[in-house]
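What follows is one structure encoded as structure tokens, with my remarks underneath.
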Amino acid sequence: MKITDHINNSNGKTLFSFEILPPLKGQNIQSIFDSIDPLMEFDPAFIDVTYHREEYEYIERQDGLLEKRVVRKRPGTVGICAAIQNKYKVDAVPHILCGGFTKEDTENFLIDLDFLGIQNVVALRGDAVKTEIYFKPEKNGHHFAKDLVRQINEMNAGKYLDESIENSSPTDFCVGVAGYPEKHMEAASFSQDIHHLKKKIEAGADYIVTQMFFDNQKFFEFVEKCREEGITVPIIPGIKPLVTKSQLSMIPHRFKVDIPNDLVIAVAKAKDNKAVKEIGIEWSINQCRELLDFGVPVLHFYSMGKSDNILRIGRGIF
């Protein structure tokens, strides 16, 4: 079922969903099942599976020169999605990126998903590789998520890259895109970021799922601004509980997300990460209760493959 259908059929009830990481290369899928199993008690509407593009390593050869090598640390998104839908009968939502994909790669990826009966995708630009400051698309790839969304919707209309194909079968994907309550780190202003988000919706995106945030007021203002700009699609908040002290500096640095001072003080005073985890759970429960009162369509949790804290938060609010 499409994500929008899940929302429309919920009769105003807030749904539960979460996101997982594919296991590191060399590990098996059982670790994924182990993290999903405890959360099935909340009857998740869907499970997102992230996609991780290739990275580059430089290996010193015997002659002293450096050899550039492409590595993929977390392969398997498509297979994991198929396994989730087969085992749990829950819709799996793979992420699909501009980075690392040509348009032909994208088309083939979508064809495979269509064959497997996977109806939902999240279309993202993706980050720059670690060796680059700014994002660079593949040759004959997409530079912006709006262009990726447009290609997906062209396939939904039966239009493939090879225009000589006749009587092509249209796909039927529901497309999610990312939104940033505190603006994307590369956007010049919050208003410009909302403008870019609207372009993704105009290209055919069906819903928005946000980056993590810890201050609900930022989310409420984001939703209000989207509605003022004529964005009417469902907006799903993304929730990530804090678990370690190091995240106080890592999250603002990497994601350009503010952490409220009350939370900062509480975490800074915590004697160890076990105490931080308890603080993160309590903060997220309170955050989610307020979001439930606001009437969000789904509470979407970034589990990072760890389900114990999400389990406790879920039991505190559902």
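Send over a whole-number figure in Å² for the accessible area per residue of region 95-221, probe 1.4 Å.
Here the residues of region 95-221 average 47 Å² of exposed surface.
In whole Å and largest first, what semi-axes does the C-alpha gyration tensor of region 233-292 yield when each eigenvalue is scaled by 5 and square-rooted?
21, 15, 9
When only C-alpha pairs under 8 Å and at least 6 residues apart count, what is the relative contact order of region 169-280, in percent?
26
Note down the magnitude of the dipole of region 228-278 about its Cα centre, charges +1 on Lys and Arg C-beta and -1 on Asp and Glu C-beta and zero elsewhere, to the nearest 20 debye.
Dipole magnitude for region 228-278 comes out near 440 debye.
A 19 angstrom limit on the alpha carbon distance is what I want to check against. Which of LYS198/LYS225; LYS183/LYS245; LYS146/LYS183 exceed it?
LYS183/LYS245
Rank ASN309, VAL298, GLN287 by how far each Cα sits towards the positive end of the charge dipole of region 276-318 (+1 on Lys, Arg Cβ; -1 on Asp, Glu Cβ) and give me just the farthest.
My answer, from the dipole projection, is ASN309.
Hey, if you put +1 on the Cβ of every Lys and Arg and -1 on every Asp and Glu Cβ in the chain, which of HIS95, LEU24, TYR160 ends up farthest toward the positive end of that dipole?
LEU24
Largest first and to the nearest Å, give the Cα extent of the chain along each principal axis.
The principal-axis extents, from largest down, are 61, 61, 43 Å.
Which one, PHE214, SER246, SER35, is farthest towards the positive end of the dipole of the chain when Lys and Arg carry +1 and Asp and Glu -1 on their Cβ?
Highest projection toward the positive end goes to SER246.
Which helices, taking whole DSSP H runs in the chain, have alpha carbons extending 15 angstrom or more along the helix axis plus mean Kyte-Doolittle at least -0.5? Write down the numbers at each step before the final one.
Numbers: long enough: 77-88 (16 Å, 0.50); 103-115 (18 Å, -0.61); 145-156 (17 Å, -0.81); 190-202 (18 Å, -1.06); 216-228 (18 Å, -1.13); 273-294 (31 Å, -0.30).
Span-like helices in the chain: 77-88, 273-294.
Would you work out the charge dipole size for the chain about its Cα centre, treating the Cβ of every Lys and Arg as +1 and the Cβ of every Asp and Glu as -1, and quote it to the nearest 20 debye?
840
On the accessible surface of the chain, probed at 1.4 Å, how many percent belong to carbon and sulfur atoms?
49
Restricting attention to the alpha-carbon atoms of region 161-318, what are Rg (one decimal) and Dmax (integer), both in Å?
Reported Rg and Dmax, both Å: 18.2, 66.
Could you compute how much accessible surface MET250 exposes when probed at 1.4 Å, giving the result in Å² to the nearest 10?
Only protein atoms counted, so the area is about 70 Å².
Could you work out how far apart the two model spin labels at ASP112 and GLN192 are, taking each label as a point 7 Å from the Cα in the direction of the beta carbon, and quote it in nm?
Distance between label points: 3.6 nm.
With a point put 7 Å past each Cα toward its Cβ, work out how far ASN11 is from ARG289 in nm, to one decimal.
2.6
What does the net charge come to around SER303 if you take all other residues with beta carbon closer than 13 Å to its beta carbon, with K and R at +1 and D and E at -1?
Residues near SER303 contribute -2 overall.
Which entries in LYS103/LYS199; LYS159/LYS199; LYS87/LYS200 show an alpha-carbon gap greater than 23 Å? Display every interim value, and only then the final one.
Numbers: LYS103/LYS199 19 Å; LYS159/LYS199 21 Å; LYS87/LYS200 33 Å.
Flagged as over cut-off: LYS87/LYS200.
The values are calculated or read from the model by the stated rules, or taken from the named source; none is laboratory data. Keep in mind the model is a prediction, meaning the values are calculated, not measured. For neighbour counting, all protein chains shown are included, and Cβ atoms are generated from backbone atoms with ideal geometry for every residue, glycine included. SASA here: full protein model, heavy atoms, side chains in, ligands and nucleic acids out. Shrake-Rupley method; radii C 1.70, N 1.55, O 1.52, S 1.80 Å.
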